[in-house]
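So the structure is just underneath, and the comments pick up after that.
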Amino acid sequence: MSMKSTYGGKDNYNAKLRAQSLGIMIVCIILTIISILPIWILVCNATRTHMQISTGVSLLPSTHFLENYRALMDKDVFKPFIGFKNSFIISACATVLSVFFSALTAYGLTVYDFKIREGAYTFIIAVLMIPVQVSGVGFMKFMIKINLYDTLLPLILPAIAAPAVVFFMRQYLKSSFPLDIVEASRIDGCGEFRTFLQIGIPMMKPAIAVQAIFAFIQNWNNYFTPSMMIVSEEKKTLPMMIKSLSSDRLATDYGIIYAGIAISIVPLVVIYLILSRFIIEGVALGGVKE
């Protein structure tokens, strides 16, 4: 009787485990569809004409992508080489500055014990709560005053202060960075900054890669700040040029606009494919406490 109840309990447990696995799989499939569907609709619309798009949503691609692409290249307001160049310079430089200085700040807040450490971290979190739009006008006036208006620098330099990146970097270090290794490097005569570069940075690679993806995407898609700071045609970013395609409501061709958007997301897909493996490593390592 006891053996039957043991086997029965094991069967019930296995059935419950299979039900949970099935539920998780269904949720993952639904989330995957929700994530992919907007991108697929974008790709489909890039292959359709304006009249076809106006009739409603379709999940089947058409055959007019080359037609839309040629019409896009003929637009005076859309200069792809200039747009890609400016967007890449801004995104790449801002990503490097954001990730490096945020990693350095998070490392200092984790490794060093000083009086105002908690206060400094609280201040960083408080700054995180302030929307960019609140300080936009004041920032623009300040850039005009120091003669940086209509340059790329106002779109790059603020990336040094990235509270959100500091927050995630610190959380990662708190969960997976062994402080004993820092003490060991000090005993071996390694300097503080050298310890950060040769020990801290390599151990933070998964977190750095994840935040680099997010920072690059954020800066690549940024329209608000460039629209305030840039007026010259040769300094406009890709989102600004795509927005210019819809400036005349009566002459708007959504097939051309979708083609422009589809082209603009290609670098983001490439960056993600290169660095995506680090996301899994970051999640796995972030859940282990040394």
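What the table below lists for this structure:
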| read-out | value |
| --- | --- |
| Boolean, A259 is of a type in the set (A, V, I, L, M) and either at pLDDT 80 or above or buried (at least 17 other Cβ atoms within 10 Å of the Cβ) (or both) | yes |
| Helices (runs of 4 or more DSSP H) contained entirely in region 145-264, each with at least 1 residues that are in contact (Cβ under 8 Å) with a residue 24 or more places away in the chain | 153-156, 163-176, 180-187, 205-221, 224-229, 238-244, 254-264 |
| Lone unmet requirement of (1) under 26 Å from the mean Cα position of the chain (by Cα); (2) surrounded by 10 or more Cβ atoms within 10 Å (Cβ to Cβ) for G138 | (2) |
| Residue, nearest to F100 (Cα to Cα), within region 191-219, restricted to residues that are surrounded by fewer than 15 Cβ atoms within 10 Å (Cβ to Cβ) and among the hydrophobic types (A, V, I, L, M, F, W, C) | L197 |
| The one condition in (1) under 22 Å from F214 (Cβ atoms); (2) in contact (Cβ under 8 Å) with a residue 12 or more places away in the chain that A126 fails to fulfil | (2) |
| Matching option when the condition is of a type in the set (G, A, S), at pLDDT below 90 and either under 19 Å from P158 (Cβ atoms) or over 27 Å from the mean Cα position of the chain (by Cα) (or both), among S176, S185 | S185 |
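Condition check ((1) in the same structural domain as S176 (by TED's automatic domain parsing); (2) modelled with pLDDT of 85 or more; (3) touching an Asp or Glu at 6+ places or on another chain (Cβ under 9 Å)) across all residues:
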| residue | (1), (2), (3) |
| --- | --- |
| I29 | no, yes, no |
| I39 | no, yes, no |
| L42 | no, yes, no |
| N45 | no, yes, no |
| R48 | no, yes, no |
| K79 | yes, yes, yes |
| I89 | yes, yes, no |
| F100 | yes, yes, no |
| T105 | yes, yes, no |
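The values are calculated or read from the model by the stated rules, or taken from the named source; none is laboratory data. Just so we're clear, the structure is a prediction, and the values are computed from it rather than from any experiment. Here Cβ is always computed from backbone atoms with ideal geometry, including for glycine, and neighbour counts include all displayed protein chains.
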